[in-house]
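To keep things clear, I will list the structure first and then write my remarks on it.
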Amino acid sequence: MTTKYDVKRELKTCYSPKNTDWELVDIPELRFLAIDGYGDPNTAAGYRHAVEALYAVAYTAKFASKGDLGKDFVVGPLEGLWWADDMDDFLARLKDNWRWRLLINVPDWITDGMTEDAKQAALTKKNLPAIPDVRSETLHEGTSAQVLHIGPYDDETPILTRLHREYLPANNLRETGLHHEIYLSDPRRTDPAKLRTILRQPVGDGDGDGS
């Protein structure tokens, strides 16, 4: 009998929230496959290549883990950290200037070595150009403001504006990390009005160092 890890089941507060206004949650240290890029996710070829590479490595690691270790896991949802060199460009949704780090959660037992083996195996099978850029990454966001957004991605501006102009000041909080999104819906198969996206912002005490 294999052990099947599903991050959405194991960490419901972090991956299956129901609140549609901002609430604070504590995000534990988590392990990911990660890849960085730049540009408009709707038009940049690099974004499409990055998504393809991440999923190829994730599924290769999943099958190797099940076969070699007897440990299976559900491949996590696509996630993204988003920023810009000039954050005004990010808030104004000037997407050509956006930077991003795409992520897929994997269990702690997926070591750096297993990731490298999965990359080599996936590259042999699919020869996708971005596979060499996939890496392992550990992220510990800690205290974070989080909300479930329902609707098109481009409709996130009002809830993000509320976060920065109302919620954080009212609670004496400040940003301590990158804007984080978790995509619970497949945009290829879901009506934009029904897209479910977790929005997350690591925060710290507005008067402290956030540690």
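The values are calculated or read from the model by the stated rules, or taken from the named source; none is laboratory data. This structure is a prediction, so every number in the text was calculated from the model and none was measured. Virtual Cβ from ideal backbone geometry, glycine too; neighbours counted across all protein chains shown. What goes into the accessible areas is simple: the full protein's heavy atoms, side chains included, and nothing from ligands, DNA or RNA. Shrake-Rupley method; radii C 1.70, N 1.55, O 1.52, S 1.80 Å.
Quick look at the values:
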item	result
Number of positions in region 172-193 that are hydroxyl-bearing (Ser, Thr, Tyr) and over 13 Å from residue 148 (Cα atoms)	2
Within region 64-85, tally of residues that are in contact with a strand residue (DSSP E or B) (Cβ under 8 Å, 6 or more places away or on another chain), without any contact (Cβ under 8 Å) to a residue 24 or more places away in the chain and either loosely packed, with under 13 Cβ neighbours inside 10 Å or of a type in the set (Asp, Glu) (or both)	1
Candidates 21, 88 - the one that is free of Cβ contacts under 8 Å to residues at least 24 places away in the same chain, under 26 Å from residue 165 (Cα atoms) and either over 15 Å from the mean Cα position of the chain (by Cα) or open to solvent by less than 10 Å² (accessible area, probe 1.4 Å) (or both)	88
Long-range neighbours under 6 Å by Cβ, at least six apart or interchain, first residue on the phi > 0 side of the Ramachandran plot and surrounded by 10 or more Cβ atoms within 10 Å (Cβ to Cβ) within region 186-211, second modelled with pLDDT of 95 or more and not basic (Lys, Arg)	210/176; 210/204
Test: residue in region 154-162 that is of a type outside the set (A, V, I, L, M, F, W, C), modelled with pLDDT under 95 and more than 22 Å from residue 88 (Cα to Cα)	no
